[in-house]
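To start, the structure under review is shown below, and the notes come after it.
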Amino acid sequence: MIDLNNIRIGTSGYYFLDWIGPFYPQSVQRGKMLDYYVNHFDVVEINSSYYRIPHSKVFENMEKKTPANFEFMVKAHKSMTHDRADILKTSDQFKKSIEPLVMTGKLRGILMQFPYSFPWGSKNASYVARAAGLFDEYPVYIEFRHRSWLRDETVDLFRGTGVNLCSVDGPHIDALPRQELASTSKNIYLRLHGRNAEQWWTGGALRYDYLYNEQQLKEWITRIRECKTPVESVYMFFNNCHGGQAVQNAKMMQELLKPESVNERVE
C-alpha cells in the first residue's frame, strides 16, 4: 500500500496572470509569483520549457527562490516530442539549461509529453526509447495522449529502464487515455487536465477550463490507496490551469489528504 504522506501535489506551471485574484493577491509582482507559490506547494511542474529552452540563469533564479525541500519537474522541449528533429542538439541545450536544478538536487525528473498524433507503432516505440535514453541520468516520465499506448508492449518497453509511464486524467473521449493509474518504476506521476470534452479539440486554454469536484478527486485517492505496485512517491500535478482552477483543485486535494480526511471512507 502507498503511504499517502508521500503524495506531492503541485500545479503545471505557476506563472499565470489569470491566477491574480483567484490565488495570487492583487498586489503581487509578476517576478514574485514563485515566492508566493512556495508557501502553498512543495513541487512544481515547469511547462514553459516546452515552448522555449530557457537560459540556465532562469532556473538558477527559480532555484534560489525555493526552500531546500522544494522539487521541480521540467517538461522537455517540443522539438524532442512533437517536432522530433535535431533532438541531440536540443537535448544537450536542455541539459545545460537545467543544470542549476540538478546541482542543488531539486530536479526530480523530465516530463516528455507526446501528442495525440503519435500513436503506438514499432517505429514510434523505438523513437520514444531513443529520446528517453538521452536523459538516462534523470528520471523520465512519458505522457502519451493516444490510448493505443496503453498496452503490455509499452510496459515491457520501459520496465527496468527507469522510465515511468504518466497517468492521465482527461475527458471521456475515445482514443484518449483512460483514467487509470500507471507505474513502470518506483514513482507515480499523475497529470490532471480536466474533463472538458466540449472544448478538447478546439485547442487553446479553454481545453483546460474545468473544475474537478470532490468526488472525482476522491476517486484518485482510492486508486492510489488500492495500488498493489511498490511505489515510493506519487507526484500529482493539476494542469486545469484556466482561471486558477488548478490551484483550487490542488488545495482541495491537500485537504482531502489530511489525516482526518483520509481516515474517513473514500467512496
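Annotation: of all residues in the stretch 204-244 being of a type in the set (A, V, I, L, M, F, W, C) and in a helix (DSSP H, G or I), the one that is modelled with the lowest pLDDT is ALA205.
In this structure, does ARG159 turn out to be at pLDDT 95 or above, among the basic types (Lys, Arg) and within 30 Å of LYS123 (Cβ to Cβ)? Lay out the reasoning, then the answer.
Working: at pLDDT 95 or above: no; among the basic types (Lys, Arg): yes; within 30 Å of LYS123 (Cβ to Cβ): yes.
In short, no.
Conditions tested, residue by residue: (1) crowded, with 19+ Cβ neighbours inside 10 Å; (2) touching a His at 6+ places or on another chain (Cβ under 7 Å); (3) within 18 Å of GLY109 (Cα to Cα); (4) not hydroxyl-bearing (Ser, Thr, Tyr).
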position: THR11; (1), (2), (3), (4): yes, no, yes, no
position: TYR15; (1), (2), (3), (4): no, no, no, no
position: ALA68; (1), (2), (3), (4): no, no, yes, yes
position: THR81; (1), (2), (3), (4): yes, no, yes, no
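Inspect all residues belonging to the stretch 112-130 and state whether any of them is among the hydrophobic types (A, V, I, L, M, F, W, C) and free of Cβ contacts under 8 Å to residues at least 12 places away in the same chain. Checked the stretch 112-130: no residue is among the hydrophobic types (A, V, I, L, M, F, W, C) and free of Cβ contacts under 8 Å to residues at least 12 places away in the same chain. Might you let me know whether the stretch 209-219 holds any residue that is within 16 Å of GLU180 (Cβ to Cβ) and polar (S, T, N, Q)? Yes, the conditions are met somewhere in the stretch 209-219.
Being more than 24 Å from MET73 (Cα to Cα), in contact with a Phe, Trp or Tyr (Cβ under 8 Å, 6 or more places away or on another chain) and surrounded by 17 or more Cβ atoms within 10 Å (Cβ to Cβ) narrows it down to one of ASN164, ASN196, so name that one. Show your work before the answer.
Values: ASN164 fails: more than 24 Å from MET73 (Cα to Cα).
ASN196 is the lone residue from the list that is more than 24 Å from MET73 (Cα to Cα), in contact with a Phe, Trp or Tyr (Cβ under 8 Å, 6 or more places away or on another chain) and surrounded by 17 or more Cβ atoms within 10 Å (Cβ to Cβ).
Anything in the stretch 162-203 that is part of a loop (DSSP other than H, G, I, E, B), over 20 Å from PHE114 (Cβ atoms) and at pLDDT below 90? List them, or say none.
Here is the first cut: in the stretch 162-203, the ones part of a loop (DSSP other than H, G, I, E, B) are 162, 170-186, 193-196, 203.
Then drop every residue that is not over 20 Å from PHE114 (Cβ atoms), which leaves 172, 186, 195-196.
Result: LYS186, single match.
Each row is one residue, and each column tells you yes or no for (1) of a type in the set (A, V, I, L, M, F, W, C); (2) surrounded by fewer than 15 Cβ atoms within 10 Å (Cβ to Cβ); (3) in contact with a Ser or Thr (Cβ under 7 Å, 6 or more places away or on another chain).
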| residue | (1), (2), (3) |
| --- | --- |
| VAL155 | yes, yes, yes |
| VAL168 | yes, no, no |
| PRO171 | no, no, no |
| ALA182 | yes, no, yes |
| THR202 | no, yes, no |
| THR222 | no, yes, no |
| ALA246 | yes, no, yes |
| GLU255 | no, yes, yes |
| LYS258 | no, yes, no |
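Candidates TYR50, TYR127: the one that is within 18 Å of ASN164 (Cα to Cα) and surrounded by 15 or more Cβ atoms within 10 Å (Cβ to Cβ) is TYR127. Among the criteria (1) farther than 17 Å from SER185 by Cβ; (2) surrounded by fewer than 17 Cβ atoms within 10 Å (Cβ to Cβ), the one LEU150 does not fulfil is (1).
Within the stretch 247-267, residues that are over 19 Å from PHE16 (Cβ atoms) sit with their Cβ atoms under 6 Å from residues that are modelled with pLDDT under 90, at 6+ positions apart or across chains, in these pairs: LEU257/LEU4; VAL262/LEU4.
Within the stretch 57-71, residues that are under 10 Å from LEU101 (Cα atoms) reach partners that are of a type in the set (D, E, K, R) and assigned to a loop (DSSP other than H, G, I, E, B) with beta carbons closer than 8 Å, at six or more positions or on different chains, in the pairs GLU63/LYS106; GLU71/ASP42; GLU71/LYS106.
The values are calculated or read from the model by the stated rules, or taken from the named source; none is laboratory data. Bear in mind the structure is a predicted one, so any value in this text is a computation, not a measurement. Virtual Cβ from ideal backbone geometry, glycine too; neighbours counted across all protein chains shown.
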